[in-house]
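These notes are about the structure you will find just below.
The values are calculated or read from the model by the stated rules, or taken from the named source; none is laboratory data. These numbers come from a predicted model, not from an experiment. Note that we place each Cβ from the backbone using ideal geometry, even for glycine, and neighbour counts take in every protein chain shown. We work out accessible area using only protein heavy atoms, side chains counted, and drop any ligands, DNA or RNA first. Shrake-Rupley method; radii C 1.70, N 1.55, O 1.52, S 1.80 Å.
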Amino acid sequence: MSAVARGLDSVVRPMESADWVAVREIYAAGIATGNATFETEAPEWESWDSSHIPNLRFVAAEGNKVVAWAAASPVSDRCCYSGVVENSVYVAPGHQGKGVGNQVLAALVEAAERAGIWTIQTGIFPENTASVALHERCGFRIVGRRERLGQLHGVWRDVLLLERRCRDVA
């Protein structure tokens with residue numbers, strides 16, 4: 001895919017630091033659902049920026065408004081895991097179910113493969129059926145269920161582990 005891809009009503013492009021306010025707002029809306037992450041508040045830019053791979057960050061924008069984002073983080077600093085990342089994808093309320101999540105995740109997958117990533121993994125609460133379905137449409141498969149992995153607001157939560165292997169890796 002080129003640096004910019006066009007969808008029906010959106011443009012997918014690499015994320016810029018100027019997008020952070022909108023990205024953080026979308027992230028906070030996902031956190032508020034209680035089914036997106038164990039995080040309870042969106043971080044500040046410096047923290048988020050330092051933990052996400054610069055060339056593996058994308059946004060979908062409609063006009064000047066960012067409506068979805070996807071990004072990847074390394075899973076470990078051990079060299080044997082240099083080709084393994086964990087992804088996140090969030091879609092703004094009111095824009096879910098319109099294909100923008102698929103667009104930003106597909107852009108991330110393509111860029112990751114070009115960068116030599118052989119495995120993209122993610123953890124999703126089983127209740128987040130839309131995210132599971134989105135990932136499966138983009139070639140991810142469920143490889144396991146981690147039971148009672150952590151507590152969110154005092155409630156133990158299971159997490160599905162999904163992964164996508166690069167086309168060149170069996």
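Within region 89-107, work out how many residues are out of contact with any helix residue (DSSP H, G or I) (no Cβ under 7 Å at 6 or more places or on another chain) and in a loop (DSSP other than H, G, I, E, B). Write out each step before concluding.
Looking only at region 89-107, we keep the residues that are out of contact with any helix residue (DSSP H, G or I) (no Cβ under 7 Å at 6 or more places or on another chain), and these are 94-95, 97-100, 103-104, 106-107.
Next cut, in a loop (DSSP other than H, G, I, E, B) only: 94-95, 97-99.
The qualifying residues number 5.
Spot the failing condition for Ala29; the list is (1) in a helix (DSSP H, G or I); (2) open to solvent by less than 30 Å² (accessible area, probe 1.4 Å); (3) out of contact with any Phe, Trp or Tyr (no Cβ under 6 Å at 6 or more places or on another chain), and only one is missed.
Result: Ala29 fails condition (2) only.
For region 95-120, enumerate the residues that are touching a residue at least 12 places away in the same chain (Cβ under 8 Å) and open to solvent by 50 Å² or more (accessible area, probe 1.4 Å).
The initial filter retains those residues of region 95-120 that are touching a residue at least 12 places away in the same chain (Cβ under 8 Å), namely 95-113, 115-120.
Once the filter is applied, which keeps residues that are touching a residue at least 12 places away in the same chain (Cβ under 8 Å) and open to solvent by 50 Å² or more (accessible area, probe 1.4 Å), region 95-120 yields Gln96, Gly97, Lys98, Asn102, Glu110, Ala115, Trp118.
Yes or no: region 140-151 includes at least one residue that is closer than 25 Å to Ser82 by Cα, in contact with a Phe, Trp or Tyr (Cβ under 9 Å, 6 or more places away or on another chain), basic (Lys, Arg) and surrounded by fewer than 17 Cβ atoms within 10 Å (Cβ to Cβ). Steps first, please.
Filtering region 140-151 down to residues closer than 25 Å to Ser82 by Cα leaves 140-146, 149.
This time we only want the ones that are in contact with a Phe, Trp or Tyr (Cβ under 9 Å, 6 or more places away or on another chain), so: 149.
From the residues that got through so far, the ones that are basic (Lys, Arg) too are none.
No, that holds for no residue.
Given the residues Glu136, Glu127, Glu110, Glu86, which is the only one that is part of a loop (DSSP other than H, G, I, E, B) and either more than 15 Å from the chain's Cα centre (by Cα) or closer than 22 Å to Arg165 by Cβ (or both)? Spell out how you get there, then give the answer.
Working: Glu136 fails: part of a loop (DSSP other than H, G, I, E, B); Glu110 fails: part of a loop (DSSP other than H, G, I, E, B); Glu86 fails: part of a loop (DSSP other than H, G, I, E, B).
Every option except Glu127 fails the conditions.
So, in region 50-80, of the ones that are open to solvent by 20 Å² or more (accessible area, probe 1.4 Å) and in contact with a Ser or Thr (Cβ under 6 Å, 6 or more places away or on another chain), which residue ends up farthest from Lys98 (Cα to Cα)? Explain how you work it out, then say what you get.
Just the residues of region 50-80 that are open to solvent by 20 Å² or more (accessible area, probe 1.4 Å), to begin with: 50-55, 62-65, 73-80.
Adding the requirement that they be in contact with a Ser or Thr (Cβ under 6 Å, 6 or more places away or on another chain) leaves 51-52, 62, 73.
Numbers: Ser51: 28, His52: 26, Glu62: 12, Ser73: 25 Å.
In this case the residue turns out to be Ser51.
Of the conditions (1) in contact with an Asp or Glu (Cβ under 7 Å, 6 or more places away or on another chain); (2) open to solvent by 40 Å² or more (accessible area, probe 1.4 Å); (3) not aliphatic (A, V, I, L, M), Trp45 fails just one. Which one is it?
The failed condition is (1).
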